[in-house]
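Only one structure is covered here, and it is reproduced in the block below.
The values are calculated or read from the model by the stated rules, or taken from the named source; none is laboratory data. Because the structure is a prediction, the values reported are computed rather than measured. Glycine also receives a Cβ, built like all others from the backbone with ideal geometry; neighbour counts cover every protein chain displayed.
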Amino acid sequence: MKLVKLILIIAAFTTNLNAQEAEYEKLEKITSMGNLENFITFYYTSPKPKLVPNAILFIRDKNLTSNSNLERHFVPFFGEVFKNNEENIPIWFESLTKLSDDDIFIFSQALLWSDSKYSKLTIENLLKKTKNKELINSINNISNEMKPMNLLEVEISSAEQLDMLWNSFFATGNEKFIEKILLTSEIANKPLNQIIISQTARWSIKANSKVHTKVRDFCNKNKKNYSENINLFLQSISE
């Protein structure tokens with residue numbers, strides 16, 4: 001079984017909402033792709049930070065960071081988890097060995113995303129484990145020149161950014177990420193290229209509302225709180 005390329009696709013599986021969450025509740029160790037998917041998708045429902053090192057080692061052993069399509073999922077998810085557990089960062093990474101250059105690239109970005117007081121020192125220690133000068137220069141440039149991304153403050157213009165918002169929600173349960181996606185779904189007075197992103201945002205909300213109780217509840221309680229266009233969309237979800 002391959003890891004789903006787009007975590008959003010998980011939302012299309014309407015098998016049994018409670019069963020999927022129940023599987024996560026029982027999760028004690030990540031030993032399969034299904035375990036990892038559940039860990040990422042339902043982490044916010046009952047955070048299990050003790051499984052973070054296990055998840056990273058599983059990703060390492062399966063060489064998942066070599067798949068560039070997964071960067072948009074791993075970086076924001078682990079970035080938000082690191083942000084909310086910053087005191088654990090030194091402990092977690094001290095025990096992580098034999099990370100590949102791809103691993104170092106992805107998790108360095110996640111550390112920068114977290115904007116933790118431990119981020120830069122942990123990245124420095126990670127970079128000591130590679131001889132790849134291009135990687136070292138790339139991470140150092142990102143670290144020195146770029147501020148941590150805040151998706152809540154930028155205009156969403158791609159499906160990749162929508163994926164990043166969903167994975168930020170999966171890590172935190174913060175409804176602000178749902179609202180940002182919802183506001184992106186506005187289709188009134190938009191050019192065609194932006195309407196495509198808006199329709200993608202709508203599809204993702206509708207699909208995730210079938211999998212996540214919190215998403216469905218958010219849609220139900222807010223179906224009169226936005227523009228007429230968005231309110232009609234929210235009403236269609238609850239029908």
**OP:** Could you list, in sequence order, all residues of the stretch 64-97 that are touching a helix residue (DSSP H, G or I) at 6+ places or on another chain (Cβ under 7 Å) and modelled with pLDDT under 95?
**Re:** 95, 96
Subject >> Which numbered condition residue 199 misses (of (1) at pLDDT below 95; (2) loosely packed, with under 15 Cβ neighbours inside 10 Å) >> reply: (1)
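Can you tell which of 70, 99, 57, 112 is under 17 Å from residue 150 (Cα atoms) and out of contact with any Gly (no Cβ under 7 Å at 6 or more places or on another chain)?
Of the residues listed, the single one that is under 17 Å from residue 150 (Cα atoms) and out of contact with any Gly (no Cβ under 7 Å at 6 or more places or on another chain) is 112.
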Original post:
Within the stretch 183-196, how many residues turn out to be closer than 19 Å to residue 72 by Cβ and surrounded by fewer than 18 Cβ atoms within 10 Å (Cβ to Cβ)?
Top reply: 1
**OP:** Return a yes/no flag: does the stretch 144-155 have any residue that is of a type in the set (Val, Ile, Thr), surrounded by fewer than 17 Cβ atoms within 10 Å (Cβ to Cβ) and either modelled with pLDDT of 95 or more or part of a helix (DSSP H, G or I) (or both).
**Re:** no
Subject >> Out of 129, 206, 214, 180, sole residue that is in contact (Cβ under 8 Å) with a residue 24 or more places away in the chain and closer than 18 Å to residue 75 by Cβ >> reply: 180
Original post:
Which one of the conditions (1) farther than 21 Å from residue 211 by Cβ; (2) of a type in the set (A, V, I, L, M); (3) in contact with a helix residue (DSSP H, G or I) (Cβ under 7 Å, 6 or more places away or on another chain) does residue 121 fail to meet, given that it meets all the rest?
Top reply: (3)
Original post:
Out of all the residues in the stretch 163-170, is one or more among the hydrophobic types (A, V, I, L, M, F, W, C), under 19 Å from residue 82 (Cα atoms), touching a residue at least 12 places away in the same chain (Cβ under 8 Å) and in contact with a Pro (Cβ under 6 Å, 6 or more places away or on another chain)?
Top reply: yes
**OP:** Answer yes if at least one residue in the stretch 89-103 is out of contact with any Lys or Arg (no Cβ under 8 Å at 6 or more places or on another chain), closer than 22 Å to residue 164 by Cα and part of a loop (DSSP other than H, G, I, E, B), and no otherwise.
**Re:** no
Subject >> Among the residues listed as 111, 135, 126, the single one being modelled with pLDDT of 95 or more, within 29 Å of residue 61 (Cβ to Cβ) and under 14 Å from the mean Cα position of the chain (by Cα) >> reply: 111
**OP:** Output the residues belonging to the stretch 120-143 that are in contact with an Asp or Glu (Cβ under 6 Å, 6 or more places away or on another chain) and not in a helix (DSSP H, G or I).
**Re:** 130, 132
